[in-house]
Amino acid sequence: MKSAFCIISLIIISLSGYNQNCFKGKVVDANSKKPLAGVTVKVVSETIGAITGLNGEFLLCEIKQETIDLLFSHIGYKPVYKLHVRAIDFVEVNLMESPIALDPIVVTATLTPQSTWEVPALVSVIDSVKVRSQSALNTDDYLRTIPGLYIDRSNGVFSKNAAVTMRGLDGSNRVLILYDGAPLNKTSYGFINWSLISPDMVDQIEVVHGPSSALFGNNAMAGVINIRTKEPLNSPFYGSITGEAGGFGLYGTRAMMGGKIPVLKKGISIMTNGFYRKGYGYIVDPPEVRDSTSAKSYINEKGLVVKAIVSLSDSSTFYIGGNLYEDKRGAGRAVYMSDGSFDAYTTKRLRFGYNGRIEKFKLEIYGYAQRENYYRQNEAVNTSGDYKLFHTFQVSGDLGLWANALRRLGVKNELIGGVDLKHGWMDAEDIYRTSTDDVLRKGKVTFAAMFLQDEQTFFDSKLKVLGGLRFDVATFFDGLLKVSDPTKNTGFGRDTLANFPKSSWNSLNPKLGIRYLPNKWLSIYGSVASGFMPAKLDDLCSTRKITKGFKLANPNLKPENLLTYELGGGLRFNSILRLDAALYLSKGYDFQYFVSTGDSIDTGGDGLKPIVKRENITSVRIMGGEISVSLNPFKWLIVRGNYSQNHSEIIAFKANPLVNIDLKRKSLAEVPLNQASGELIMQSRFVNAGLVWIYIGSQWGDEVNSYKIDPWNTFNLRLWKDFRSIKFTLDIQDLLDNPYTDKKGLISPGRFFQFSATYSFK
């Protein structure tokens, strides 16, 4: 109630009185002098703006200030700032063609708009040019050209999900994923459902390399990925519709529509985006191991996104948005059931927030709620010929509330403080249809945190120092495991009812970063930061069969911690070339690994399964480096490349050596030792092309480093052409038809085609 009262009070204050001013002007191409339509005109440091019409003109009204600063941006052109624009002026703006932005503006690293050249950290950006030119059938495809990021989606669009890891660390739960600034990571398992976000909605992706728990808390251990989606335009009515068809029977449609509803004083800008996709898929088992139960990994998915923005005044905005997503994906196995083994998700997500000012404070408040229903059908026949069928029903959810305030203490000092509250839960049941087993598991966890960040500049802005500190506390409670009528299928010898005790932990995470800019072409930074990853609810309260054996719940599992030292910098030459590089050393402790108890159990399979339990028993050391280069020799050509390498080593392993293999001096598994990518973008009057080459080096296939997964590489191509309101796109993934085998022994689809046609209207 207190939070709701504060939000209502802020809205009332923001609505109180203002004078109306109008600002107008025209934007043209600097060379041809032709009007430019669709140019974004935004009031700097505010959330209001407009889009130029067919005649290149714009109009901004109901603004209190008599003078404002404006930013003009458009795909393929250099952004232009116009400062101290007066309401009585008619602004004339000339935009110069430049398809590459060497110093993009980001907000994720410090919560304030800054150039990547100035932030005391390595920050990579997927801008609108990359979004337009890369062959991306899923949102995570855009991340493949970021140094140090490994994207595991070996079955392409037919994969159940994607795993995204960074900087030599395995596990998606060690990377924090933000969706328009709000966390997406689930407390139940730590990862996200990448299919929830349509590639059509992506505007820009910002990637902060290295720990950011001093600002964002849990999961921000290896880095942070913030997916910023498109905002509703300040236009009466607009939209688009797309039809697509591809290999393996894939077809679908996408549609987007938006406009401004003339209600309240400034109207409501709203946008919706929907998509549907279906395909019969392909058999993921290699030909040499296929049998009568091998089946195609089909897909059937649909989603809807709604976003609305209410401008309360020229300095305050309320926004609300929601997602609805449903899918059903075949797991590549079918025995008796017509749809075989499959996974199905239904996800509902709501996000709302407020941006505004009170006196000298700039405020940001947002809340979110997410609920996910997961349904799994699994059928299989073991080597003894026994048929097994079971279903999993799981409901999980997350709630969160974030508030921060920014205060400028002079022109060289910015102070940010805030609070972060989160709550997550999981309620799951496994029902065995070919036996009497019924397993119920559930649990809840609550987080609370306070953070403070101070940023100062010295020596005419040549030196920037940033310090941050965050304190988190968390409590696990209401943990329950109930097993009824068990058989060997679940491994329990009798009915079981376990009420897990409440457990708590805390984490203090500092960060210090320094960026030095001695001149216009050189930038150097150094930083030291810590990060942490909390235990997943599934590990805290779930006892069940897993691939490694029979897992016991551990309600006392503590978070992992990582301390990273980093040194890096960049070189740039005019608007033609930019080079960035970073070296880092990370030391992790209390890492979570499965430890054998020394016992085994008969679960009715092909042999005894070891009983294991996840414990905080290892310390690791990771050394690595990343380098990237961007080259724009001509206005129609962009060349990018990157390379990254890491070496990980377990330096301590505190487990019983009589029943566990000592992993000391072993490398982390399922992490590429080196990666590289190259990107070529060509834009012309006749056709546009985007070519991406991806190389994934060898990686250890298991924790004891007994074998390596072979390296692989692939080329992806996108060709597109615009005809006024119609756009044709051809995507070819794995252009040279070079399929590879992943860590699970499954094969990639090989060369894959998709053609789409889009009609846009206003």
LYS33 paired with LEU324, simple spin-label distance in nm, labels 7 Å along Cα-to-beta-carbon | 5.2 nm
Note: probe point = Cα of LEU579 + 7 Å toward Cβ; backbone nitrogen < 19 Å; residues of segment 500-541 passing the test are 516-526
Subtracting the Cα-Cα distance from 0.36 nm times the residue separation, let me have the gained length for SER235 to VAL44 in nm, one decimal.
-> 66.8 nm
Do any chymotrypsin sites (Phe, Trp or Tyr not before Pro) in segment 362-415 lie in a DSSP loop with no more than 15 other beta carbon atoms within 10 Å, and if so, which?
-> none
Assuming R0 = 41 Å, what is the FRET efficiency of VAL528 and PHE686, from their Cβ-Cβ distance, to the nearest 0.05?
-> 0.20
For every other residue with a beta carbon closer than 14 angstrom to the beta carbon of ILE268, add +1 if it is Lys or Arg and -1 if Asp or Glu, then tell me the sum.
-> +2
What does the charge add up to near MET533, with Lys and Arg as +1, Asp and Glu as -1, over the other residues with Cβ less than 12 Å from its Cβ?
-> -2
Cα-based shape type of segment 22-83, given that a ≥ b ≥ c are square roots of the gyration tensor eigenvalues and the cut on a/c is 1.5 = prolate
Length added when fully stretched, ASN94-PHE459, from 0.36 nm per residue minus Cα-Cα = 128.1 nm
List every residue whose amide H lies under 5 Å from the amide H of GLY25, counting only residues 5 or more places away in sequence or on a different chain, with H placed 1.01 Å from N in the peptide plane.
-> PHE58, VAL91
Provide the packing ranking of 499-509, 431-441, i.e. peptides ordered by the mean count of other C-beta atoms within 10 Å per residue, highest first.
-> 431-441, 499-509
Using a simple spin-label model with points 7 Å from Cα along the Cα→Cβ vector, what separation in nm is obtained for ARG290 and LYS762?
-> 5.1 nm
With each label point set 7 Å from Cα along the Cα-Cβ vector, what nm distance links LYS482 and ASN556?
-> 2.6 nm
Violations at 22 Å Cα threshold for listed pairs LYS442/LYS551; LYS82/LYS462; LYS442/LYS502; LYS388/LYS545 -> LYS82/LYS462
Any residue on another chain or 5+ positions along whose placed amide H is under 5 Å from the amide H of LEU663 is listed here as none
How large is ³J(HN,Hα), in whole Hz, for each residue of segment 25-35 in order, when computed from phi with the Karplus curve 6.51 cos²θ - 1.76 cosθ + 1.60 and θ = phi - 60°, using x for Gly and Pro?
-> x, 9, 10, 10, 5, 5, 8, 7, 6, 7, x
With θ set to phi - 60° and the Karplus curve 6.51 cos²θ - 1.76 cosθ + 1.60, what are the ³J(HN,Hα) couplings of segment 174-180 in order, to the nearest whole Hz, using x for Gly and Pro?
-> 8, 10, 8, 10, 10, 10, 6
Computed FRET value (nearest 0.05) for ASN656 with LEU83, which takes r as the C-beta separation and R₀ as 60 Å = 0.35
When a/c is below 1.5 the answer is rounded, else prolate if a/b is larger than b/c, else oblate, so apply that to segment 229-761 with a ≥ b ≥ c taken from the square roots of the Cα gyration tensor eigenvalues.
-> rounded
Just from its helices, what would the mean residue ellipticity at 222 nm be for the chain, if runs of 4 or more DSSP H residues each count -39500 (n - 2.57) and the sum is divided by every residue, rounded to the nearest 500 deg cm²/dmol?
-> -1000 deg cm²/dmol
Could you give me the ³J(HN,Hα) list for segment 732-743, computed from phi with Karplus coefficients 6.51, -1.76, 1.60 and θ = phi - 60°, whole Hz, x at Gly and Pro?
-> 10, 9, 6, 3, 8, 6, 10, x, 10, 9, 8, 5
Just for the chain, what percent of DSSP beta bridges are antiparallel, to the closest 5?
-> 95 percent
How would you classify segment 176-218 from its alpha-carbon gyration tensor, with a ≥ b ≥ c the square roots of the eigenvalues: rounded for a/c under 1.5, else prolate if a/b is greater than b/c, otherwise oblate?
-> oblate
Residues with beta-carbon under 9 Å from that of LEU571, excluding LEU571: net charge, scoring Lys, Arg +1 and Asp, Glu -1?
-> +1
Place +1 on the Cβ of every Lys and Arg and -1 on the Cβ of every Asp and Glu in segment 490-616, take the dipole about the Cα centre, and give the residue among THR543, TYR565, ALA498 whose Cα lies farthest towards its positive end.
-> TYR565
Any idea what angle helix 2-15 forms with the longest principal axis of the chain, computed on alpha-carbon atoms, 0 to 90 degrees, nearest 10?
-> 20 degrees
Could you calculate the FRET efficiency of LYS24 with ASP702 from 1/(1 + (r/R0)^6), where r is the beta carbon distance between them and R0 is 60 Å, rounded to 0.05?
-> 0.40
Relative to the present Cα-Cα distance, how much length would full extension add between THR346 and ASP737 at 0.36 nm per residue of separation?
-> 137.4 nm
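Only the coordinates and a few stated rules stand behind these numbers; no lab work does. This one's a predicted model, so the numbers in the text were calculated from it and none came from an experiment. Counting neighbours? That spans all protein chains shown, and the Cβs are built from the backbone with ideal geometry, glycine included.
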